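Dropping a structure here in structure tokens format, bear with me for questions.
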Amino acid sequence: MEKSVPMNEWNTMKTQRAINRVHLLIHGSALAALFYYRITSITAIATSSSSSSPIVFVAHLLIFAAELTLSFMWLLSQASLWNPVARTVYPERLPSDDDLPSLDVFICTADPVKEPSLGVMNTVISALALDYPPTKLHVYLSDDGGSPVTLRALQRARSFAKVWLPFCRKYEVKNRCPQAYFLGEERRVGDTDHFSLEEKSIEEAYEDFKSSMSKIVAEADVMASKDHSPIVEVIGEDGEEMPLVVYVAREKRPSHPHNFKAGALNVLLRVSGMMSNSPYILSLDCDMYCNDPTSARQAMCFHLDPKISQNLAFVQFPQIFHNIRREHDIYDGALRFIWTKWEGFNGLRGPVLSGTGFYIKREALYGTRKLQPNIDLNQLNEYYGSSNEFIKSIYRSYKPNFPSTESLQNEVQLLASCSYDKDTKWGQEVGYRYFSVVEDYFTGFNLHCEGWISVYFAPSRPCFLGSSPISLGETLVQNMRWFLGASQVALSRYSPLVYGAMRMSVLQSMAYAELACYAIHFLPVYILALLPQLCFLAGVPLYPQVSSPFFAVFVFVFVSSLLKHAQEVLASGDSLRAWVNEQRVWVMKSLTSFSFAAANAILEKMGLAKAGFVPTSKVTDDEVDKLYQMGKYDFRAPPPFMVILCSIYMLNLASLVVGLARVLVKGKMNEMAMQAFVPLFGVVMHYPLMEGMVLRKDGGRVSPSVSLLSVVVSSLVSICAAFAHY
């Protein structure tokens with residue numbers, strides 16, 4: 001019997017794995033020595049017969065707490081570095097088109113103001129143009145704003161797709177997002193006159209399409225609605241060699257919880273189950289267009305692999321951003337550290353579900369494997385709701401079922417109603433999970449707890465391209481939302497260190513726990529950004545003297561951390577400039593996004609606040625883009641964020657200048673050298689803040705009112721510290 005040829009392969013990244021494990025051993029040993037010093041020092045202070053101030057004892061406890069927290073998070077991070085794995089696919093080994101499974105595509109939009117229709121429709125068109133049998137491809141657009149603009153735009157987009165798709169297939173166009181194609185970066189050059197004429201005709205059709213988008217926006221109400229009835233509309237005619245296009249606006253009422261994006265996805269899951277019922281689903285954000293039409297075939301190399309298909313829940317592609325420039329990524333918008341971790345997750349039964357760009361198995365979302373074989377209809381209604389027709393579709397193989405009859409129309413309207421989830425398992429054990437505002441992380445976590453596996457695949461050509469925030473304000477707000485959701489999980493009964501540890505391997509639960517607990521970084525960063533500086537002003541030493549052998553231990557831990565981060569950045573193909581930017585932005589996020597996220601999660605846990613979800617704006621601002629291209633920060637962030645950042649910077653500057661002068665006068669450099677370095681490092685690393693407060697005159701500078709308030713706050717704190725101990 002001939003041995004079957006594999007459709008995919010995986011390989012351990014041996015060099016990176018060796019570096020990670022050696023660093024774990026050496027750095028861990030240095031941390032053990034550091035803890036020994038701290039414990040003995042704190043014990044000596046506590047038992048000292050001299051009249052040591054309680055402030056000194058508390059300061060040493062706080063700095064030790066910061067070091068313990070950072071070490072704990074570092075230990076959790078080692079799980080995703082333990083066994084990084086890379087994967088390869090062979091789409092040419094797939095079965096014929098007739099034997100490929102059908103595929104549904106889910107695209108979500110919520111606000112036509114923040115998410116302009118032209119960009120959304122380009123994503124839709126790129127999905128329609130996937131290199132996949134058109135009769136087995138179905139595209140669903142969820143319009144959570146219920147805007148007539150989006151519906152009319154989708155109708156117009158499908159009309160344009162009728163000429164765009166044949167052109168792409170005929171000439172094997174690689175980039176099938178028309179907006180990206182006509183920018184010229186991948187336009188074909190030197191082809192026949194016939195091609196040139198046809199391309200010109202298509203470009204004219206696209207210009208007409210763009211004009212029609214502008215006209216639709218001008219004529220219709222673009223405001224998102226929070227109170228509207230469900231709308232499900234099939235766009236197109238039967239019998240065409242075109243993928244099915246369906247517009248879905250779920251019912252929304254102010255009196256009913258809508259469960260953010262997870263609620264919209266679950267409506268698409270139910271409606272598509274009644275209509276196309278494809279066994280696999282591609283989920284895309286409205287700004288994440290298909291950059292490689294073969295992504296579906298690449299994903300099927302895993303989903304159709306008999307060795308893993310039975311337990312494979314989803315295939316996750318990386319999020320790559322077309323508006324990020326490698327040498328100008330001052331906000332860490334490329335999320336390099338995430339995709340490095342996902343390579344490590346690949347060696348731990350697979351990565352986290354990451355919001356967009358993933359092909360997921362419908363069966364995994366339905367959770368049918370948990371049900372008893374002899375379960376009755378009443379029990380199924382408790383799980384899946386009151387629609388018996390939908391329940392039938394769960395156990396029905398793929399069969400298109402367009403809502404042409406009145407009864408079927410009523411059924412899909414019911415499935416899209418805002419009350420359908422009530423008293424069911426939707427959002428708890430069925431579909432995308434509701435508990436957290438980061439439904440992707442929480443859903444993937446639950447699937448892994450249920451025994452499913454996943455795959456992370458990063459091909460050389462990005463399969464999907466989106467847009468990332470290129471202003472500090474949008475970046476910090478987006479990260480606050482992400483880590484609010486992660487903190488919700490960390491503070492709940494679903495905490496990966498407890499709930500996950502009983503349902504998955506120790507390393508996998510540690511990897512999930514790192515993400516869930518990530519916002520706690522704000523605590524040690526605040527301590528290290530304030531306490532050594534204040535103690536430096538007050539003349540309180542927190543670190544060993546230069547002559548002490550433990551001085552070398554602290555220096556080694558600091559340098560080791562920086563070098564490991566630099567090694568990861570360089571191994572990813574980025575430069576040392578990217579390393580500096582990541583260091584800088586991580587501190588900014590810790591002091592603002594992470595702290596506000598953690599505080600909101602705690603307040604919500606206490607019943608004093610409620611989580612919210614605000615879409616990131618996809619509208620391009622010329623001034624913001626110009627600053628980004630120049631490598632300058634746009635400091636027009638929320639004032640509370642900027643006051644925190646600028647006040648801490650000014651305090652570090654005052655600590656460095658005043659504290660260093662006092663140390664030199666008193667001749668205490670031997671015991672205060674490391675404490676002098678801490679504010680020096682902060683001042684140099686975050687020099688752009690000083691530039692924004694003092695030197696810049698453009699629109700992206702720090703506002704004068706924020707600068708003035710920051711100077712006042714930092715001065716008062718510095719004065720109090722300077723006279724606290726001397």
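Based on the Cβ-Cβ distance of residue 453 and residue 197, what FRET efficiency does E = 1/(1 + (r/R0)^6) give at R0 = 60 Å, to the nearest 0.05?
0.75
Measuring from label point to label point, each 7 Å out along Cα→Cβ, what is the residue 9 to residue 498 span in nm?
Inter-label distance under the simple model: 4.6 nm.
Any idea how far apart residue 461 and residue 215 come out in nm if each label point goes 7 Å out from Cα toward Cβ?
3.5
Taking the 0 to 90 degree range and rounding to the nearest ten, how far is the long axis of helix 406-415 tilted relative to the main principal axis of the chain, both from C-alpha atoms?
The two axes meet at around 10 degrees.
How would you classify the range 1-150 from its alpha-carbon gyration tensor, with a ≥ b ≥ c the square roots of the eigenvalues: rounded for a/c under 1.5, else prolate if a/b is greater than b/c, otherwise oblate?
Note, shape of the range 1-150 comes out oblate.
Along the charge dipole of the range 382-468, pointing to its positive end and built from +1/-1 on Cβ of Lys, Arg, Asp and Glu, which listed residue (448, 465, 385) has its Cα farthest out?
465
What number, rounded to the nearest 500 deg cm²/dmol, is the helix-based mean residue ellipticity at 222 nm of the chain, given -39500 (n - 2.57) per DSSP H run of at least four residues and division by all its residues?
Result for the chain, helices only: -16500 deg cm²/dmol.
Still on this structure, I have one more. Need the full-extension length gain, residue 602 to residue 374, defined as separation in residues times 0.36 nm minus the C-alpha distance. One decimal, nm.
Once the chain is fully extended between residue 602 and residue 374, it gains 77.8 nm.
Taking the Cα centre of the range 523-681 as origin, work out the dipole magnitude from +1 charges on Lys and Arg Cβ and -1 charges on Asp and Glu Cβ, in debye rounded to 20.
It works out to roughly 380 debye.
Name the long-range amide H neighbours of residue 285: under 5 Å, sequence gap of 5 or more, or other chain; modelled H, no Pro or chain starts.
357
For the range 508-662, what number of Lys pairs, 8 or more residues apart or on separate chains, have alpha-carbon atoms under 30 Å from each other?
Total qualifying Lys-Lys pairs in the range 508-662 comes to 10.
I would also like to ask the following. Which residue, chosen from 497, 181, 147, occupies the Cα position most advanced towards the positive end of the dipole of the chain, where the dipole is computed from +1 (Lys, Arg) and -1 (Asp, Glu) charges on Cβ about the Cα centre?
497
Still on this structure: Kindly report, to the nearest 10 Å², the accessible surface of residue 210 as traced by a 1.4 Å probe over protein heavy atoms only.
70
For residue 159 and residue 664, compute 0.36 nm times the residue count separating them, minus their Cα-Cα distance, and round to one decimal in nm.
Length difference between fully extended and current span is 174.2 nm.
How large is ³J(HN,Hα) for each residue in the range 337-349, as worked out from phi by the Karplus curve 6.51 cos²θ - 1.76 cosθ + 1.60 (θ = phi - 60°), to whole Hz, x for Gly and Pro?
Result, rounded to whole Hz: 5, 5, 6, 5, 5, 5, 4, x, 4, 4, x, 10, 6.
Which angle between 0 and 90 degrees, to the nearest 10, do you get for helix 472-490 versus the longest principal axis of the chain when only C-alpha atoms count?
Between helix and principal axis, roughly 90 degrees.
So if R0 is 35 Å, what FRET efficiency would residue 41 and residue 720 give, r being the distance between their Cβ atoms, rounded to the nearest 0.05?
According to the calculation, E is roughly 0.90.
What figure, in Å² to the nearest 10, do you get for the accessible area of residue 43 with a 1.4 Å probe and non-protein molecules left out?
Near enough 70 Å² of accessible area.
Could you sort 493, 326, 636, 701 by their accessible area in this structure, using a 1.4 Å probe and putting the largest first?
493, 326, 636, 701
So, one more: From the list (i) 43, 30, 25; (ii) 49, 29, 25; (iii) 62, 30, 23, can you say which value of semi-axes √(5λ) of the Cα gyration tensor in Å was derived from the structure given?
Checked against the structure: label (ii).
May I pose another question? Give the average over all directions of the projected area of the C-alpha convex hull of the range 374-527, one decimal, in nm².
That works out to 14.5 nm².
How large is the accessible surface of residue 720 in square angstrom, using a 1.4 angstrom probe and rounding to the nearest 10?
Near enough 100 Å² of accessible area.
Can you bin the range 677-726 into rounded, prolate or oblate? Criterion: square roots of the alpha carbon gyration tensor eigenvalues sorted a ≥ b ≥ c, rounded for a/c under 1.5, prolate for a/b above b/c, oblate for the rest.
The shape class here is oblate.
Moving to a separate point now. Please arrange 173, 555 by accessible surface area, largest first, computed with a 1.4 Å probe and ligands excluded.
555, 173
Report, ordered by chain and residue number, the aspartates and glutamates lying within cross-link reach of residue 162, taken as a straight Cα distance under 17 Å and ignoring same-chain residues fewer than 8 apart.
131, 172, 198, 199, 203, 204, 207, 208, 237, 238, 240, 241
Protein chains only, probe 1.4 Å: how do 288, 630 rank by accessible area, largest first?
Sorted by accessible area, descending: 630, 288.
Averaged per residue, what accessible surface does the chain expose to a 1.4 Å probe, in Å²?
Here the per-residue accessible area is 42 Å².
Further question: So for the pair residue 687, residue 225, with labels modelled 7 Å out along Cα→Cβ, what separation do we get in nm?
With each label point 7 Å from Cα toward Cβ, the separation is 5.5 nm.
Continuing with this model, one more query. Return one number: the angle in degrees, 0 to 90 and rounded to the nearest 10, between the long axis of the Cα atoms of helix 522-538 and the longest principal axis of the Cα atoms of the chain.
20
Then there is this: What number, in percent, do you get for the relative contact order of the chain if the mean sequence gap of Cα pairs under 8 Å and at least 6 apart is divided by its residue count?
17
Something else about it: Sequence neighbours fewer than 8 away in the same chain don't count; with that in mind, list the lysines whose C-alpha is under 23 Å from residue 307.
Residue 307 reaches 3, 361, 370.
Looking at the chain, send over the antiparallel percent of its DSSP beta bridges, to the nearest 5.
45
Would you pull out the residues with amide H under 5 Å of residue 609's amide H, same chain only if 5 or more places away, H placed 1.01 Å from N?
Close amide H contacts, sequence-distant or interchain: 604.
For residue 92 and residue 422, calculate 0.36 nm times their separation in residues minus their Cα-Cα distance, and state this gained length in nm to one decimal.
Result for the pair: 114.2 nm of gain on full extension.
The values are calculated or read from the model by the stated rules, or taken from the named source; none is laboratory data. Treat the numbers as computed from the prediction; the structure is a model and nothing was measured. No Cβ is skipped: glycine too gets one built from the backbone with ideal geometry, and neighbour counts run over all protein chains shown. The area values use the complete protein model at the heavy-atom level, side chains included, leaving out ligands, DNA and RNA. Shrake-Rupley method; radii C 1.70, N 1.55, O 1.52, S 1.80 Å.
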